[in-house]
Amino acid sequence: MLRNRLVTVLTFNEGTLFRTKLFEPDYRYTHNFVDSWSVDEIVMLDVSRDPTHDKQSFYDVVTQFAKECFVPLAVGGGIRSMEDVRQMMAVGGDKVVVNSGAVERPELITEIAEAYGSQCVVLSIDARKKDGEDGYEVFSHFAGQATGMTPADWARRGQELGAGEVLITSVERDGSLQGYDLALCRQVADAVSVPVLGLAGAGNWKHFVEGIEQGGLSAVCTQNIYHFTETSIASAKKFMDRKGIRVRL
Amino acid sequence: MIGIIDYGLGNLTSVLGAVTKVGFDGVISSDPGELADCEKLILPGVGAFPEGMANLNDRGLVDVLDDQVRQRRVPILGICLGFQLLGNNSTEFGETDGLGWIDAPVTVLTPDDAALRVPHVGWNEVLQASDCVLFDGIDDGALFYFVHTYKMELPSGGVAVGTCDYGGRFTAAVQNGNVFGTQFHPEKSQQCGLALLRNFLEKT
């Protein structure tokens, strides 16, 4: 039986690891807390905002990291072209994560899928709650640009274009430790038949269980939680196992 | 030298990293001359079938592979797409012929349970269907990392040395003489994956 996955997301600015809160960098905790023998998958994102920044510093970090990483490694941040994809794969990526580049030019998803297969493309969607009304809207460009799309519609279209997985992130929950936005996760999970990964808000092990049981997630992702706890991914997985979630122990 | 075949696709760096980790010298190469000198070959994964076959042909690699694998009996390990390319043909993006070293077609994964999402992504149990050196020292039912939309389906046992269940049983690992293949990614399956890779490199 397929296991639910616990995924660690690492964000880098100009080659330096940091955590985020409300999509802003927070450099208080910059140690690498990845317990690479227990985690099921790792996502590394270059979130440098200066469009002219040197991508090489991120590639260098991935190259070093990939040498000792024997779980799947998804890499992304600023991917706009197939050349970017080739670079990300060359430095050790097993799959790539696209976000704003796919909003700008949705065919990018198809181009990657046709060359590397659907399973190689993760569509990352950042969503905000709509002001004063129900529902969510997709925001691109570091959650700064409204797109007019709902996350469910964009996820569905992304799947049609060839995305093999969807990563849904709640902007408001980023760094909040208040749990995943379960309604948002559920809307996206119900909209597609590919696996959905959820990110933003996990503050304790119970949130992982909720994300899977109520949010319909195939994989629960965290960025910040290990910065605040002494305990390991292994302990999170033992907790999930006790709650009846099938994980790789 | 372990030849990791570069056909323009695939997570070659990850495969080389794992080969290095278990103590072997590998080279990523698309040079037929260099690959002809390798004592073992790995055909990595990640890619779409038609593009994979087209790239092998365009780089003139099919002949050297055929010579190495069929004439000189050099062991080869196909991983994920590389495993599927060992088959007769695939229906991914139309119909494309494969290398034909494993007598089976590659078809789309269709779990019999609608709740099971495709692609099949994550860690799943591999049941060992017959004795194969790849699984030496590895528990029956050990977890390996899969990420795929297409599958090969052979009768369990015989050539199909490992199987996996995802809304129906499909072939997870094959051995046909010196031709080995895994649908899962040993280079991304932690200790069990590294152990399998070491078995291939040390014992075949």
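The values are calculated or read from the model by the stated rules, or taken from the named source; none is laboratory data. All values reported here derive from a predicted model rather than from experimental measurement. A quick note on method: Cβ atoms are made from the backbone with ideal geometry, for glycine too, and the neighbour counts reach across all protein chains shown. Accessible surface areas use protein heavy atoms only, side chains included; no ligands, DNA or RNA. Shrake-Rupley method; radii C 1.70, N 1.55, O 1.52, S 1.80 Å.
Please identify the pairs in which a residue from the stretch B:139-153 that is assigned to a loop (DSSP other than H, G, I, E, B) has its Cβ atom under 8 Å from the Cβ atom of a residue that is of a type in the set (Lys, Arg), counting only partners at least 6 apart or on another chain.
Cβ pairs passing all conditions: B:GLU153/B:ARG169.
Would you mind stating whether A:VAL194 is of a type in the set (A, V, I, L, M) and in contact with a strand residue (DSSP E or B) (Cβ under 6 Å, 6 or more places away or on another chain)?
Working: of a type in the set (A, V, I, L, M): yes; in contact with a strand residue (DSSP E or B) (Cβ under 6 Å, 6 or more places away or on another chain): yes.
Yes; evaluated as a whole, the condition is true for this residue.
Taking only pairs six or more apart or across chains, which ones have beta-carbon atoms under 9 Å, a first residue in the stretch A:48-72 that is closer than 30 Å to B:TRP123 by Cβ and within 11 Å of another protein chain (Cβ to nearest Cβ), and a second residue that is among the charged types (D, E, K, R) and assigned to a helix (DSSP H, G or I)?
That search, which allows pairs on different chains as well, returns A:LYS67/B:LYS21; A:GLU68/B:LYS21; A:CYS69/B:LYS188; A:PHE70/B:LYS21; A:PHE70/B:GLU187; A:PHE70/B:LYS188; A:VAL71/B:LYS188; A:PRO72/B:LYS188.
Determine whether the stretch B:176-189 contains at least one residue that is more than 30 Å from A:ALA191 (Cβ to Cβ) and assigned to a helix (DSSP H, G or I).
Yes, the stretch B:176-189 contains at least one residue that is more than 30 Å from A:ALA191 (Cβ to Cβ) and assigned to a helix (DSSP H, G or I).
Could you grab me the full set of residues in the stretch A:97-117 that are within 23 Å of B:LEU16 (Cα to Cα) and facing chain B (nearest Cβ under 9 Å)? Give the derivation first.
Keep residues of the stretch A:97-117 that are within 23 Å of B:LEU16 (Cα to Cα), which gives A:97, A:112, A:115-117.
Matches in the stretch A:97-117: A:ALA115, A:TYR116, A:GLY117.
How about the stretch B:1-21: which of its residues are of a type outside the set (A, V, I, L, M, F, W, C) and facing chain A (nearest Cβ under 9 Å)? Please lay out each step first, then the result.
The initial filter retains those residues of the stretch B:1-21 that are of a type outside the set (A, V, I, L, M, F, W, C), namely B:3, B:6-8, B:10-11, B:13-14, B:17, B:20-21.
Correct list: B:GLY8, B:GLY10, B:ASN11, B:THR13, B:SER14, B:GLY17, B:THR20, B:LYS21.
Listed residues A:VAL7, A:VAL103, A:VAL47, A:VAL75; which is within 28 Å of A:GLY203 (Cβ to Cβ), open to solvent by 10 Å² or more (accessible area, probe 1.4 Å) and modelled with pLDDT of 90 or more?
A:VAL47
Considering only residues of the stretch B:130-149 that are open to solvent by 10 Å² or more (accessible area, probe 1.4 Å) and over 21 Å from A:ARG3 (Cβ atoms), which is farthest from the other protein chains (Cβ to nearest Cβ)?
If we take residues in the stretch B:130-149 being open to solvent by 10 Å² or more (accessible area, probe 1.4 Å) and over 21 Å from A:ARG3 (Cβ atoms), then B:ASP131 is farthest from the other protein chains (Cβ to nearest Cβ).
Which residues, counting only those in the stretch B:22-49, are over 19 Å from the mean Cα position of the chain (by Cα) and of a type in the set (A, V, I, L, M)?
Scanning the stretch B:22-49 gives a single hit, B:ALA36.
Name the single residue, out of those in the stretch B:107-127 being of a type in the set (S, T, N, Q) and more than 10 Å from every other protein chain (Cβ to nearest Cβ), that is most open to solvent (accessible area, probe 1.4 Å). Walk me through how you get there before you give the answer.
Residues of the stretch B:107-127 that are of a type in the set (S, T, N, Q), as a first pass: B:107, B:110, B:124.
Pick out the ones that are also more than 10 Å from every other protein chain (Cβ to nearest Cβ) and you get B:107, B:110.
Working: B:THR107: 49, B:THR110: 96 Å².
Out of the qualifying residues, it is B:THR110.
Mind telling me which of the residues A:VAL75, A:VAL97, A:VAL71 ends up being assigned to a strand (DSSP E or B) and in contact with a helix residue (DSSP H, G or I) (Cβ under 7 Å, 6 or more places away or on another chain)?
The conditions single out A:VAL75.
Output the number of residues of the stretch B:179-204 satisfying the condition of being away from every other protein chain (no Cβ under 14 Å) and either more than 13 Å from the chain's Cα centre (by Cα) or free of Cβ contacts under 8 Å to residues at least 60 places away in the same chain (or both).
Number of matching residues: 5.
Mind counting the residues in the stretch A:84-96 that are open to solvent by 10 Å² or more (accessible area, probe 1.4 Å) and either within 13 Å of chain B (Cβ to nearest Cβ) or aliphatic (A, V, I, L, M) (or both)?
The number of residues fulfilling the criteria is 5.
List the number of the failed condition for B:ASP97; all other conditions in (1) among the charged types (D, E, K, R); (2) within 14 Å of another protein chain (Cβ to nearest Cβ); (3) touching a residue at least 24 places away in the same chain (Cβ under 8 Å) hold.
The failed condition is (2).
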